[in-house]
1. If I take R0 = 56 Å and measure r between the Cβ atoms of A:Phe4 and A:Gln314 in this structure, what FRET efficiency does the formula 1/(1 + (r/R0)^6) give, to the nearest 0.05?
2. What trypsin sites (Lys or Arg not before Pro) in segment B:1-42 are in a loop by DSSP, with at most 10 other Cβ atoms within 10 Å of the Cβ?
3. Per residue, how large is the accessible surface of the protein assembly as shown? Use a 1.4 angstrom probe and give square angstrom.
4. For chain A, calculate the relative contact order in percent as a whole number, restricting contacts to Cα pairs under 8 Å that are 6 or more residues apart.
5. Quick one: with all protein chains in place, what share of the accessible area of segment A:225-317 is carbon or sulfur, to the nearest percent (1.4 Å probe)?
6. How large is the translational diffusion coefficient of segment B:255-396 in µm² per second when you combine the Kirkwood radius over alpha carbon pairs with Stokes-Einstein at 37 °C and 0.692 mPa s?
7. How large a share of the accessible area of chain B, in percent, is made up of carbon and sulfur atoms when the probe is 1.4 Å and the other protein chains stay in place?
8. Can you report the principal axis dimensions of segment B:416-507 using only the alpha carbons, biggest first, rounded to whole angstrom?
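The values are calculated or read from the model by the stated rules, or taken from the named source; none is laboratory data. Treat the numbers as computed from the prediction; the structure is a model and nothing was measured. Note that each Cβ is placed from the backbone with ideal geometry, even for glycine, and that neighbours are counted across all protein chains shown. The area values use the complete protein model at the heavy-atom level, side chains included, leaving out ligands, DNA and RNA. Shrake-Rupley method; radii C 1.70, N 1.55, O 1.52, S 1.80 Å.
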Amino acid sequence: MKSFTYERAASVEAAAKAAASVQGARFIAGGTNLIDLMKLQIETPTHLVDVNHLGLDRIERTTEGGLRIGALVRNTDLAADKTVRRDYAVLSRALVAGASGQLRNKATTGGNLLQRTRCPYFYDTRMPCNKRKPGTGCGAMEGMSRSLAILGVSDACIAQHPSDMAVAMRLLDAQVDTMDADGVARSIPIADFYLLPGDTPNRETVLKQGELITSVTLPKPVGGTHVYRKVRDRASYAFALVSVGAIFGEDGTARFAFGGIGARPWRTQAADAAAPHGARAVTDAVLADARTTPHNDFKKPLVERILASLYRQQEERA
Amino acid sequence: MKFDTPAKANPIDKGRVVGIPHDRIDGAAKVTGTAPYAYERHDAAPNAAYGWIVGSAIAKGRIAAMDLRAAEAAPGVLGIVTHANAGKLTKGNMNTAHLLGGPQIEHFEQAVALVVADTLENARAAAALVHIDYTPESGKFDLAAEAIRGVVPPDSFGTPADTSAGDFDGAFSRAAVKLEQRYTTPDHSHAMMEPHASIAAWNGDKLTLWTSNQMIAWTVGDVARTLGIPKANVRLISPYIGGGFGAKLFLRADALLAALGARQVGRPVKVALARPQIPNNTTHRPATIQRIRIGADRDGVIDAIAHEVWSGDLPGGSAETAAAQTRLLYRGANRMTAHRLTTLNLPEGNAMRAPGEAVGLLALEVAMDELAEMCGVDPVELRIRNDVQFDPEAGPQRPFSSRKLVECLRAGADRFGWNRRIPKPGQVRDGRWLVGMGMASAFRNNLAGKSGARIGIDAQGRVVVETDMTDIGTGSYTIIAQTAAEMLGVPLEQVTVRLGDSRFPVSAGSGGQWGANSSTAGVYAAAMALRAKLAEAAGYPVDAAGFEDGLIRNGNESRKLAALAGDTGLWAEDSMEYGDLDKRYAQATFGAHFCEVGVDTDTAEVRIRRMGGAFAAGRILNPKSARSQVIGAMTMGAGAALMEALDVDTRFGFFVNHDMAEYLVPVHADIPQQDVLFIDELDDKSSPMKAKGVGELGICGAGAAVANAIYNAAGLRVRDYPITIDKLLRAQMA
C-alpha cells in the first residue's frame, strides 16, 4: 500500500472539491473493495476523501412516488428496508445474494455501483491488464476466462461487472444522483452511467474526477413479481456466473437485467420486448451479440436455463 | 519403549478419560483470543520489524538485474535480503525448490527478496519498488501435454512407485465385465485459515523462530541445514497453529526469510505470507491424470484391477501417490499400480491432507460406482463382495491388523437410509431438483512413527507433559492430556500440556494422520517410565501398582502421588518406537461415505442435502475432536468434488486464482447435516493406544460419494474434477 493523505470531508461540496483538486484522489465509503485493491497496489490513490460522515444515509420517498436512497445507505440496511422489500423486492433480493453479512454491513449503495471487476488478471499486478494498466494487453482473453463477460466486451477487455445490486438498479431504471466540484448536481440514468470497455477499459463510468454520488433514485414502483436468480459455484459468498433480475407483469410482459455476463450490468430493450415470447426468445435477444471464449461459452446455455426456470416459476405462480 | 508385539490389556483400556468426548482443553483460550499465534508474539519478540516478501513475476528463468535503490530509499526501510547478500544457503532436505530464489528462478512467486521496514505498510510499499529485470525461459506447465514424458518416480515413504501381482493384462482381457476410465483431479491449495507466519530473533549465533509449523524437528533440521548452523542453535516455538493440512510440514519462506532479515537488520523480524502469495509461493496438492481398469465377473467380483497415475512436479520433486489405496482396498488376484512423474515448472507439489488417497479415491470410487452399474449390483454390495481381509498384493500371509470396512458399509448404509435409493438415475424429483444418493468407501493408510515425551508430577499432584508434538486444530492438547490423566490416574483438569517447542522431546509431529496415535503412544511410554519411578518411590512393585484418584495403590495400601513427587517433583522421559508389526500386518483405516444431493433441473447447480459416514479407525481417543476432524475432512471432500481447483495459466506458468475470492472452498451454506458414526474397534497392532489415525480418513472417498450422488440424481457423469456447472451443462448437452 502506498502512503496517502486522508481527510474527512465536512460537506458534499467540500468532498467533491477536495477530490477534484488533488491528483489521484479517491472517495472512500465502506472501503470493502477499495482497501483490498490498495493493499494489492491495484489502486494507488494519493489522497482519500472520507465521505462516511456526510449523512447521505436516508431512504426517503420522492415527490414522484419513487425512492431516494442515500449513497451511504449500507447494503444491509437497504436490503432490510420495508419499502424496498415491498415495492422493489428485486433490489432486496439482489443485495442479499451478494457478498457476506459482514461485507454488506459496511458496503454502501454508492460504493457498490463502483465496485471493480473480479477478473484474476486485473488482480495480479504482474499480469497484463488493459483495465489496470492501459496498453499492457489482456491476460484473460487467451487465459482463464471462465468467470468473465460475454457481452459488451472488446478486444481490449472481457472483464465482467461483479455487482448484484447494480443489476437490480439497472432493472429498476435507477438514476444516479451526483454533485461535482463546482457544486453542480446531475442525475444520470443508470443505462448511461457505465461505459463499455472499448479501447479504454480503464474508464468505467461517466463520473468526472471529484464527482460524488450522493444518492440513487428509483422511479415509482412498477409492481409485478420480482425475482433475482443468481447462479454461482457455491451456495453463498461467490460472484455470479450468471444472475438474472426479472420483473414479471400481470399481462405477460417482463423486463430482465443480467449480471455476470456483461462488461456492465446488462439490460436490452430487445430482450424486454421479447418477453411475451418466452425464455428462448429473450435469450436470443439478449445474447445476439455475445462473444464467448472456450471457457465461458457455457454462460449462454446457462442464461437460457435460468430464464426457462424463471418462466416456469412464473407460470406456476399464475 | 519399543512396540514390537501386539498390545495386551493396559492402563488405557480403563477408558476412564481416554475415549471420552471431552471439550478441548485449549478451546477457551482459542475462542477468547488468548492463545497466541506466531505472528502475534510481540511479548516474546518486542520491537520486531516487518518483512514483506517479493515474489518472482516469472515462472522460469533468471534474474538479469535487481535494482534496489528506490526500495532502499523508501520510508522506514531497514534492509533488503536477496540472493546476493543472504550468504550461502543450502536447500532444506524437505524442500524441492529453494525458498529464496535468484539468480535462477524455479517457479512463479518464488521469493526473490525480503524488504524489511519499521511498519508493515512501509515494507509492502517498498517491496513494490524493487525493480527486477528477468530473462524468462520457456517452461512446462501443462500436465496433460507433459504426462507422456513421465518417468518412474523414487519410492515414497518406503513404498515403490509401481507394484503388481498375478497377471493383470491376461485377467483383464478375459474378464466378463471390463471397466476402463480416465479421471482427472486439479491442483489444490491447502487454504488453511492462518497463513504461513513467523517471527525470528537472533541472540548472538542462536536463532529463535516463533512460527506455524506441523513438524518441529524436521524444520529445525532444515533451518540449520539451510543456514549452515548447528541444530543446537535453532529453537522453534509453534504451540498454536491455525490449520495446516500439510502446508506447514516444512520450513517455508516466511520462517527462513524472517531469520535472514533479522540477521541483516539486527532486530527481530516478522513475516507473514499475504493470502494472494500463498498458492504460488508455497506447496500445493498436485493435479493428477488417472486411468483405472477393472475386470470383474458378472456379479462384480473383481479379478483384475489396475490404477495408473500421472502427476508433475519441479525437478527433484515427488509424485502424487494416488494409486496407493488401490493396492489394498479390494480383492483381485491380478493387479497393478503405477505412478509416473513428469517435470512441470509450476510451484512445488507436495502433501495435502491425505496425499494419495484423497484424490485416488475420487477416481477409484467413481470407477466402482460405474462398475456397480455395469454389473447391476448395488454399490454397497459391490464393495462388500470385493472385501479382502489381507493385503491383496502380498497374499494371506499379510493380514490387516484390523479391517472393518464391511461393518462400516453396512452400518453407514443403514443409518443413511441407503435402501431408499433408486439405482436408475434421474428418478427422484423434488420441485426443481433431481435428487440422488451416492456412496464411496473410505480408506487411508495408517502410519505410526517414533514419538517422545516427558512427563512430570509436582508436589501439588499437577502433571505436566512436554513434547514437540503440534496441535494444528486437531485436538492434540486434549488427547495428550487425556492419555496422561488415564495413565497416572489423575483428573484431566490436573494435567498441563506444553507442545510445539523444539526444547521438548521429539515427537512424530502432525501429518499423514499419524499424529494422534503416535504422539499419545509417546506419552504412554513416558508415563510408564514415570509410573515406574513413582512405584519405586512408594516401594511398590510397579507391575502390581494401580494408579487412580491421585494415588498409587498396592493391595490395600496407597500413597498420594503428590507426596511421592516431593518438592523437586518427579520427571520421566521416553519415546515409543516401533518394530515390524506394520510389515507383518497391513494397517489402515476404513469407512463408508454416503451423500444425498439435489441437482437443479435447469441450471445444474448442485446442493448437498445430507452427508453421512461410518468409520473404523481403532480406538477413538476423543469422539468429539475425532468427529470434528471427520466432518471437516468431509467438507474438504465436498470442496474437492464441487469447487476446489487451482487454475493453471499455461502461458505464464502460475495459478491464476490465487486468493480466496477465486479459489473456492465450501462455505456454511454448502454443507448440510453431517452424520458421523464410529465403529467400535481396538487395533492391538497399531500401538499400545490401540488407536489409528482419523484426521484424514474423512476426506478419503467423501468427494466420490458426492460425484456418485450427482450421477444418481441426474444421470450426469463428470470425470474431471471439480464437478462444476459448466461441466455438467456440457455433459448434459453432449
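1. In this case the efficiency is close to 0.70.
2. B:Lys8
3. 36
4. Taking the mean separation of contacting Cα pairs over the length of chain A, I get 18 percent.
5. Using a 1.4 Å probe with all protein chains present, segment A:225-317 comes out at 46 percent carbon and sulfur.
6. 186
7. Carbon with sulfur: 51 percent of the solvent-accessible area.
8. In descending order, the Cα extents are 69, 27, 23 Å.
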